[in-house]
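Asker: Before anything else, here's the structure in question.
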Amino acid sequence: MTGVIAFQGMPGAYSDLACRSAYPGWNTLPCPSFEAAMAAVREGRAQLAMLPCENSLAGRVPDIHRLLPDSGLHVVGEHYQRVEHCLLAHKGARLEDIRRAHSHPMALGQVLNLLRERKLEPVIEADTAGAAKLLAENPSMEDAAIASSLAGEIYGLEVLARNVEDSADNTTRFYVMSATPQPLPPGTKRAVTTFVFRVRNIPAALYKALGGFATNGVNMTKLESYMLDGHFTATQFLCDVDGDPEQPGLRRALEELAFFSKELRVLGTYAAHDYRFQQAAEAD
């Protein structure tokens, strides 16, 4: 099966790379915003959207938690993409001649060792792929961009240095979104369920609401809170747990959560990415 998968950013962005890694052979559709990527799926211009939700170094991706519940889409998968920064320059440029490095502020903050060792001036741009595109349009041999190798290929730049990031653990997790829910693939080893809920405004409501996951042996891997519509008393939670609601333990836990909640919506159940198993093995 092939199709179109939407992402936020310019061609060559790390979200573009994530799309190509997870869905080789699919056409990628760059979009100016997360909302536009979601709209592309709702309107049928793309079958899926690849949306970043958290980074191992930077934490939660702003706005995603707010947009997911009202997007009308379903979470049908997850993908973990290793962020491997490259120092890109014009063909023929020499590393010793580079004076300035252009990129997104977050990317520049992840290559501090390179900037210090090479005495490079950081130049802030809107995003990594955009920095590569701007560099391609600028003939200066003293300027470079911090971006993906894919961006280098797309914009005709040369990789002067690979894996220039300070940490080898820089990884971004993505939600894969679809207009319709998808059944778990046959032989799924482990499932993840994503949902949002709001607790009632009573003492110990969150404690009571989450108690069912502990008593039913359900592992919770993500719990994030955020305000709704700017109201301090209206708090919503985004949660990931191991398991399928068809399993008795998770079904009972969700029933108990619903009893203590004003609202509960399951956004999707999908196969856990292999990266989760690799992390667990490394931890052991």
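Asker: Test of understanding: among ALA191, ALA147, ALA136, ALA151, which residue is closer than 23 Å to HIS65 by Cα, in contact with a Leu (Cβ under 8 Å, 6 or more places away or on another chain) and in contact (Cβ under 8 Å) with a residue 12 or more places away in the chain? It would help to see each step written out before you state the result.
Answerer: On the way: ALA147 fails: closer than 23 Å to HIS65 by Cα; ALA136 fails: closer than 23 Å to HIS65 by Cα; ALA151 fails: closer than 23 Å to HIS65 by Cα.
The conditions single out ALA191.
Asker: Let me ask something else. Among the residues that make up the range 185-196, is at least one of them within 18 Å of ARG100 (Cα to Cα) and touching a strand residue (DSSP E or B) at 6+ places or on another chain (Cβ under 8 Å)?
Answerer: Of the residues in the range 185-196, the ones within 18 Å of ARG100 (Cα to Cα) are none.
For the range 185-196, residues within 18 Å of ARG100 (Cα to Cα) and touching a strand residue (DSSP E or B) at 6+ places or on another chain (Cβ under 8 Å): absent.
Asker: Sticking with this structure for a sec: Please specify each residue of the range 98-137 satisfying the condition of being among the charged types (D, E, K, R) and more than 23 Å from the chain's Cα centre (by Cα). Full working, then the answer.
Answerer: Pass one, the range 98-137, residues among the charged types (D, E, K, R): 99-100, 116-119, 121, 125, 127, 133, 137.
Within the range 98-137, ARG99, ARG100, ARG116, GLU117, ARG118, LYS119, GLU121, GLU137 qualify.
Asker: So how many residues does the range 24-58 have that are open to solvent by less than 60 Å² (accessible area, probe 1.4 Å) and part of a loop (DSSP other than H, G, I, E, B)? Please lay out each step first, then the result.
Answerer: Applying the first criterion (open to solvent by less than 60 Å² (accessible area, probe 1.4 Å)) to the range 24-58 yields 26, 28-31, 33-34, 36-41, 44, 46, 48-55, 58.
Within this subset, residues satisfying the condition of being part of a loop (DSSP other than H, G, I, E, B) are 26, 33, 44, 46, 58.
Looking only at that region, the number is 5.
Asker: Here is a follow-up. Output the number of residues of the range 139-172 satisfying the condition of being part of a loop (DSSP other than H, G, I, E, B) and out of contact with any Pro (no Cβ under 9 Å at 6 or more places or on another chain). Let's see the steps before the verdict.
Answerer: Of all residues in the range 139-172, those part of a loop (DSSP other than H, G, I, E, B) come to 139-142, 148, 155-157, 162-170.
Checking the rest, the ones that are also out of contact with any Pro (no Cβ under 9 Å at 6 or more places or on another chain) come to 139-142, 148, 156-157, 162-170.
The total comes to 16.
Listed here are the residues, each with its yes/no results for (1) in contact with a helix residue (DSSP H, G or I) (Cβ under 7 Å, 6 or more places away or on another chain); (2) within 26 Å of LEU29 (Cβ to Cβ); (3) at pLDDT below 95.
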site: ALA129; (1), (2), (3): yes, yes, no
site: SER148; (1), (2), (3): yes, yes, no
site: ILE154; (1), (2), (3): no, yes, no
site: ALA161; (1), (2), (3): yes, no, no
site: VAL164; (1), (2), (3): yes, no, no
site: ARG198; (1), (2), (3): no, no, yes
site: ASN201; (1), (2), (3): no, no, yes
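Asker: A follow-up question, please. Restricted to the range 130-148, and to residues that are within 18 Å of PHE7 (Cβ to Cβ) and among the aliphatic types (A, V, I, L, M), which residue is surrounded by the fewest Cβ atoms within 10 Å (Cβ to Cβ)? Let's see the steps before the verdict.
Answerer: Applying the first criterion (within 18 Å of PHE7 (Cβ to Cβ)) to the range 130-148 yields 130-133, 147-148.
So of that shortlist, the ones also among the aliphatic types (A, V, I, L, M) come out as 131-132, 147.
On the way: ALA131: 29, ALA132: 31, ALA147: 34.
In this case the residue turns out to be ALA131.
Asker: Something else now. For VAL111, are the conditions met, namely being within 17 Å of ASN55 (Cα to Cα) and hydrophobic (A, V, I, L, M, F, W, C)? Working first, answer last.
Answerer: Numbers: within 17 Å of ASN55 (Cα to Cα): yes; hydrophobic (A, V, I, L, M, F, W, C): yes.
Yes; evaluated as a whole, the condition is true for this residue.
Asker: Then there is this: Assuming SER178 fulfils every condition listed in (1) over 30 Å from GLU43 (Cα atoms); (2) surrounded by 14 or more Cβ atoms within 10 Å (Cβ to Cβ) apart from one, which condition is it?
Answerer: Of the numbered conditions (1) over 30 Å from GLU43 (Cα atoms); (2) surrounded by 14 or more Cβ atoms within 10 Å (Cβ to Cβ), the odd one out for SER178 is (1).
Asker: Restricted to the range 89-129, and to residues that are of a type in the set (Gly, Ala, Ser), free of Cβ contacts under 8 Å to residues at least 60 places away in the same chain and not in a loop (DSSP other than H, G, I, E, B), which residue is surrounded by the fewest Cβ atoms within 10 Å (Cβ to Cβ)?
Answerer: So the first thing to find is which residues in the range 89-129 are of a type in the set (Gly, Ala, Ser), and the list is 89, 92-93, 101, 103, 107, 109, 126, 129.
With the extra rule that they be free of Cβ contacts under 8 Å to residues at least 60 places away in the same chain, the set shrinks to 101, 103, 107, 109, 126.
Still in the running and not in a loop (DSSP other than H, G, I, E, B): 101, 103, 107, 109.
Values: ALA101: 25, SER103: 29, ALA107: 26, GLY109: 14.
Checking each candidate, the answer is GLY109.
Asker: Just give me the residues in the range 259-278 being of a type in the set (D, E, K, R) and free of Cβ contacts under 8 Å to residues at least 60 places away in the same chain, in sequence order. Steps first, please.
Answerer: Within the range 259-278, the first condition is being of a type in the set (D, E, K, R), and the residues that meet it are 262-263, 265, 274, 276.
The answer is ASP274, and nothing else.
Asker: Out of all the residues in the range 254-274, which are open to solvent by 60 Å² or more (accessible area, probe 1.4 Å) and more than 27 Å from the chain's Cα centre (by Cα)?
Answerer: Residues satisfying the conditions are GLU255, GLU256, PHE259, LYS262.
Asker: Can you give me the number of residues within the range 154-170 that are touching a Gly at 6+ places or on another chain (Cβ under 7 Å) and without any contact (Cβ under 8 Å) to a residue 40 or more places away in the chain?
Answerer: So the answer is 0.
Asker: To continue, here is another question. Spot the failing condition for ARG20; the list is (1) surrounded by fewer than 19 Cβ atoms within 10 Å (Cβ to Cβ); (2) assigned to a strand (DSSP E or B), and only one is missed.
Answerer: (2)
Asker: Of everything in the range 1-16, what is among the hydrophobic types (A, V, I, L, M, F, W, C) and surrounded by fewer than 24 Cβ atoms within 10 Å (Cβ to Cβ)? Give them in sequence order. It would help to see each step written out before you state the result.
Answerer: Initial filter on the range 1-16 (among the hydrophobic types (A, V, I, L, M, F, W, C)): 1, 4-7, 10, 13.
Passing the criteria: MET1, VAL4, MET10.
Asker: Quick one: how many residues across the range 52-95 are under 14 Å from VAL159 (Cα atoms) and acidic (Asp, Glu)? Before you say what the answer is, go through the steps one by one.
Answerer: Keep residues of the range 52-95 that are under 14 Å from VAL159 (Cα atoms), which gives 84-95.
Now narrow it down to the ones that are acidic (Asp, Glu): 84.
Qualifying residue count for the region: 1.
Asker: Residues being under 19 Å from MET106 (Cβ atoms) and without any contact (Cβ under 8 Å) to a residue 60 or more places away in the chain: count how many of those fall in the range 38-60.
Answerer: The first filter runs over the range 38-60 and keeps only residues under 19 Å from MET106 (Cβ atoms), leaving 50-60.
Imposing the further condition that a residue be without any contact (Cβ under 8 Å) to a residue 60 or more places away in the chain reduces the set to 58-59.
Residues in the range 38-60 being under 19 Å from MET106 (Cβ atoms) and without any contact (Cβ under 8 Å) to a residue 60 or more places away in the chain: 2 in total.
Asker: Go through (1) surrounded by 14 or more Cβ atoms within 10 Å (Cβ to Cβ); (2) modelled with pLDDT under 95 for ALA234 and report which single condition fails.
Answerer: For ALA234, the failing item is (1).
The values are calculated or read from the model by the stated rules, or taken from the named source; none is laboratory data. No experiment lies behind these values; they were computed from the predicted model shown. Because the Cβ atoms are built from the backbone with ideal geometry, glycine has one as well, and the counts that use them run over all protein chains shown. Ligands, DNA and RNA are stripped out before the accessible areas are found, and what is left, the full protein with its side chains, is counted by its heavy atoms. Shrake-Rupley method; radii C 1.70, N 1.55, O 1.52, S 1.80 Å.
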